[in-house]
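We did not get these values from a lab; they are worked out from the coordinates using the rules stated. Predicted model, so just to flag it, every value in this text is computed and none were measured. FYI the Cβ positions are ideal-geometry reconstructions off the backbone, even for glycines, and counts take in every protein chain you see.
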Amino acid sequence: MEHADILLALAGIFGFYMAWNIGANDVANAMGTSVGSGALTLRRAVIVAAVLEFSGAFLAGSSVSETVRKGIIDTDLFSGDPTAFVCGMLAALLAAGVWLQIASYFGWPVSTTHSIVGAIIGFGVLYGGVEAVHWPKVWQIVSSWVISPLLSASIAYITFRLLLKNIFFKSNPLAATKRLAPLLAFIVMTILTLTMVFKGLKNLKLDLSFGPALALAMGVGIIAAVITAFLVRRINISDDEVSKNSHRIQYLAQSLSKAKKHLRRVQGVSDPSVQGEVAILLQKTEDLSAKLEREKGPTDTLALNKVEKIFVYLQILTACFVAFAHGSNDVANAIGPLSAVLQTIADGKVALESAVSPEVLALGGLGIVIGLATWGWRVMETVGRRITELTPSRGFTAEFAAATTIVLATKLGLPISTTHTLVGAVVGVGLARGMGALNLNTVRDIAISWVITVPAGAIFAMIFYKILMAFFG
């Protein structure tokens, strides 16, 4: 193939650039909630994610990559024109990378898979027309914009409401946490092990059916429950530390604070005749808040911190599993097109499947780590702090709901996006505390960025494809 050396160099650069942007944008799925809740500092989150993302990409990344992700376009179109195919794949890598960088700059968590799919659609339409695209596949991807966040938000909402009822609204929440911690550890480790088998390790072709996988996962869950039961027994509870109604009072105080904000808004837009009545309600609310503040003991914060500390460990555990699974799965968005280009140049014909060398896996993993370390904080800020206020228990709930959604969707054959799943889970946690707990402006901006992702990738790919074909076609 003409200009093979230049095309190989561009493939390496564009592939690394795409991997860098995956790290900058997508790794917030695993670590954003941990940073936002305070379970991990940004520095520690970067270190933990770097180790696990790279390990997932290098150790469990696919050894054979599909040339065109998810069968989006008809590969037979390019059988007699390998140069156009190589330029198209290079354009897709560059286009997806550029869109992800724009999204990361604004702190928008978008799907890297949808970015590369949109880019492939772009150059496919430009080369072979609209009929070159397998539109049923595209509509399946579009449906994931709705399925992913709705399913995870529902699971997160139900899970957090159960935690509130069975832990935080109990007269002694720390004792309730100690009782439930082994059960939580069992459920969490079972779900996370299933997530690892079906998503994180699927490239290793373990070929475990659901029965053996569930037995393995439950075995891991039982071990985790036994260890947790032993550890939580070491946490002491004294009457001096935990007052009977401390946490109930704390949540009442938070609710009254929200009520005061709403009453002030009503007072500001009401007629003079109504303003007086609102002022009376506002004063009563202020008096009740003051009374609750006096009843709160000095040990409330200490007791709540002990409850949240248990959830810190559970949240870090879920974040580690999600990071490993993400590295193993989504590194293909960078190395898939890259490997296809390398194989096509080497063979002189379009490669429908291409072997992925350890060097390419390492390049993808390294790009993800560097992207995370340099720009990852931008999207972490959005996921962890701008959607809703997170604590370790809320962050744990979001990660758990996302992992559960991945397992359910995988077994039911539903199309999902990891990014959309996690964001939906965070929204669900916020909704469990009331609509006022959500930053609706941030949610709106994220939703718009999801809709834009596929067409943005397609438009950028068309532009870059034209430029590359002008030089090499």
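Computed quantities for the displayed model
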{"quantity": "Nonlocal amide H pairs with Ile73, under 5 Å, H built at 1.01 Å", "calculated": "His134"}
{"quantity": "Burial ranking of peptide ranges 448-461, 395-408, 124-137 (average Cβ count within 10 Å, highest at the top)", "calculated": "395-408, 448-461, 124-137"}
{"quantity": "Fewest-first sequence of Trp20, Trp377 by Cβ atoms within 10 Å of each Cβ", "calculated": "Trp377, Trp20"}
{"quantity": "Prolate/oblate/rounded call for the stretch 50-141, Cα gyration tensor, a/c under 1.5 rounded", "calculated": "prolate"}
{"quantity": "The stretch 252-262 - phi-based ³J(HN,Hα) in whole Hz, Karplus 6.51/-1.76/1.60, Gly and Pro as x", "calculated": "4, 5, 5, 5, 5, 4, 5, 4, 5, 4, 5"}
{"quantity": "Charged-residue dipole, Cβ positions (Lys, Arg, Asp, Glu), the stretch 326-473 about Cα centre, Debye nearest 20", "calculated": "400 debye"}
{"quantity": "Sum of -39500 (n - 2.57) over DSSP H runs of 4+, divided by residues of the chain (222 nm, nearest 500)", "calculated": "-26000 deg cm²/dmol"}
{"quantity": "Integer Hz, Karplus 6.51/-1.76/1.60 couplings in order for the stretch 335-344, x for Gly and Pro", "calculated": "7, x, x, 4, 5, 4, 5, 4, 5, 5"}
{"quantity": "Percentage relative contact order, the chain, counting C-alpha pairs under 8 Å, at least six apart", "calculated": "42 percent"}
{"quantity": "Relative exposure of Cys87, Cys320, judged by other C-beta atoms within 10 Å (fewest first)", "calculated": "Cys320, Cys87"}
{"quantity": "Under-5 Å amide H pairs with Ser354, H placed in peptide plane, nonlocal only", "calculated": "Ser65, Thr67"}
{"quantity": "Correct choice for mean projected area of the Cα convex hull in nm² that was computed from the model, options (1) 24.8; (2) 34.2; (3) 26.2", "calculated": "(1)"}
{"quantity": "Paramagnetic reach from Leu42 in the stretch 365-379 [backbone N under 15 Å; point 7 Å along Cα→Cβ]", "calculated": "371-379"}
{"quantity": "Fewest-first sequence of Met189, Met435 by Cβ atoms within 10 Å of each Cβ", "calculated": "Met435, Met189"}
{"quantity": "Alpha-carbon centroid distance for the pair the stretch 1-61 / the stretch 94-140, whole angstrom", "calculated": "19 Å"}
{"quantity": "Counted charge near Ala432, where neighbours are those whose Cβ lies closer than 10 Å (Asp, Glu -1; Lys, Arg +1)", "calculated": "+3"}
{"quantity": "Distance violations [Cα-Cα > 18 Å] among Lys258/Lys284; Lys258/Lys291; Lys261/Lys284; Lys260/Lys291; Lys165/Lys260", "calculated": "Lys165/Lys260"}
